Amino acid sequence: MLSFLARRVPRTPISHLDSIALDSGRSAAEFRPPTHRYLVLNRLPQAVSDREAALLGLPHGGATSSLAPPLHRHLWQNETFHVLSGTARFTLGNGGRGGSTETLASAGEVVVIPRRTAHTFCNASGQDGLVLEFVLDPASRDTDEAYFRE
């Protein structure tokens, strides 16, 4: 067996928390109550420029938070984002087969990502933090929440 596969990564038990601070407190995920329309509220710090990101080895300027996910897709669910403050950069692609589009969304805007669409998001602003909330539809709230908590 390869040595890196035999190691267990230590984990911190945080799944019971309703608010989780990440990135030395610069980012946070807050779980909404079951009656709320959205599942999670995310707070991301201001972005660095694309040039600064290149110097740091980051994929692009907005990737300054662990809450900015890699390009991914949901096979069976649409994902709905609601921007509460700041400006989000959404990248939509087709999962590595070339071609992607970027769109910006500001406070008050809602962005729906159709199922099976490769996507990611990050903070587009170098001056302001980003606060957005999201939910997956059709909802399997207990399973979705367990996934994001773990």
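For region 37-90, filtering for residues that are on the phi > 0 side of the Ramachandran plot and either modelled with pLDDT under 90 or of a type in the set (S, T, N, Q) (or both) leaves 1. With respect to (1) buried (at least 19 other Cβ atoms within 10 Å of the Cβ); (2) touching a Gly at 6+ places or on another chain (Cβ under 8 Å), the lone exception for residue 81 is condition (2).
Here's the yes/no breakdown for (1) closer than 15 Å to residue 40 by Cβ; (2) among the polar types (S, T, N, Q); (3) touching a helix residue (DSSP H, G or I) at 6+ places or on another chain (Cβ under 9 Å); (4) touching a residue at least 60 places away in the same chain (Cβ under 8 Å):
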{"site": "75", "(1), (2), (3), (4)": "no, no, no, no"}
{"site": "91", "(1), (2), (3), (4)": "no, yes, no, no"}
{"site": "119", "(1), (2), (3), (4)": "no, no, no, no"}
{"site": "123", "(1), (2), (3), (4)": "no, yes, no, yes"}
{"site": "134", "(1), (2), (3), (4)": "yes, no, no, yes"}
{"site": "141", "(1), (2), (3), (4)": "yes, no, no, yes"}
{"site": "144", "(1), (2), (3), (4)": "yes, no, no, yes"}
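Yes/no per residue for (1) surrounded by 15 or more Cβ atoms within 10 Å (Cβ to Cβ); (2) within 13 Å of the chain's Cα centre (by Cα):
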{"residue": "88", "(1), (2)": "yes, yes"}
{"residue": "105", "(1), (2)": "yes, no"}
{"residue": "108", "(1), (2)": "no, no"}
{"residue": "115", "(1), (2)": "no, no"}
{"residue": "121", "(1), (2)": "yes, yes"}
{"residue": "127", "(1), (2)": "no, no"}
{"residue": "132", "(1), (2)": "yes, yes"}
{"residue": "135", "(1), (2)": "yes, yes"}
{"residue": "139", "(1), (2)": "no, no"}
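Report yes if some residue within region 95-117 is among the hydrophobic types (A, V, I, L, M, F, W, C) and at pLDDT below 95; otherwise report no. Looking for residues that are among the hydrophobic types (A, V, I, L, M, F, W, C) and at pLDDT below 95, one finds none in region 95-117, hence no.
The values are calculated or read from the model by the stated rules, or taken from the named source; none is laboratory data. All of these numbers come straight from a predicted model, not from anything done at the bench. When we count neighbours, we look across all protein chains shown, and the Cβ atoms used for this are built from the backbone with ideal geometry, even at glycine.
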